[in-house]
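Derivation of every value follows stated rules applied to the coordinates shown; laboratory data play no part. The shown structure was predicted, so the numbers you read here are calculated from the model rather than taken from an experiment. Using ideal geometry, Cβ is built from the backbone for each residue, glycine included, and neighbour counts are taken over all protein chains shown.
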């Protein structure tokens, strides 16, 4: 089976560059006029769509192939990420499309994929901070930090955005390393 990237021009990957065939589906044609290569696509949901069109699949076919509900896959291509989009499903989609999982996850979903609270602990340790210092920088309680790191609570998307805002750009950039 070919991956979606095998059929399309790719930049920054080890796959050879190829010409982009023009799709026959009118929705796909409009989409390909917006982006000339995979590397031009700035968001995960359009990368998903690019890969699906590249394999000439319907959303319901992709959903069935990776074992997810069709509505969940449709939401993913609309930029709506749910907690039910598990790391296992993300890995299956990335494998189907032959792309790195980081390419199809927004920062919050990637944060959860990287372990959420475990990632937060690793970030804190890399900074050389204790929990109180992280709490002070993040403008949250030490109890919240403890609960997140121990896995007692999952960090909500709202709290994640708050962390990104208060910790600065190195916090989400560590996710992409």
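Helices in the chain, meaning DSSP H runs of at least 4 residues, each add -39500 (n - 2.57). Divided by all residues, the mean residue ellipticity at 222 nm is -16000 deg cm²/dmol.
With a cut-off of 20 Å on the backbone N, the residues of region 53-68 near the modelled label site 7 Å out from residue 30 along Cα-Cβ are 53-60.
In whole Å, what is the distance between the alpha-carbon centres of region 27-84 and region 114-177? About 30 Å separates the Cα centre of region 27-84 from the one of region 114-177. Expressed in units of 2.2 N^0.38 Å, where N is the residue count, the Cα radius of gyration of region 44-111 is 0.95. In terms of its alpha-carbon gyration tensor, region 115-177 comes out rounded; the largest-to-smallest axis ratio a/c stays below the 1.5 threshold. Inter-label distance, residue 153 to residue 88: 2.7 nm, where each label sits 7 Å from its Cα along the C-beta direction.
Compute the long axis of helix 44-54 from its Cα atoms, compare it with the longest principal axis of the Cα atoms of the chain, and write down the angle in degrees, 0 to 90, nearest 10. It is inclined by approximately 20 degrees.
Averaging the sequence gap over all C-alpha pairs within less than 8 Å and six or more residues apart, then dividing by the number of residues, gives region 53-148 a relative contact order of 15 percent.
Mean separation of Cα pairs under 8 Å and 6 or more residues apart, divided by the residue count, gives the chain a relative contact order of 16 percent. Going from the residue with the fewest nearby Cβ atoms within 10 Å to the one with the most, 176, 52, 142 rank 176, 142, 52.
With respect to the chain, whose longest principal axis is taken over its alpha-carbon atoms, helix 157-167 is tilted by about 70°.
With the cut-off at 1.5 for a/c, could you classify the chain from its C-alpha gyration tensor as rounded, prolate or oblate? Show your work: numbers first, answer last.
On the way: a/c = 2.68, a/b = 2.09, b/c = 1.28.
Prolate shape, in that a/c is at least 1.5 and a/b is the bigger ratio.
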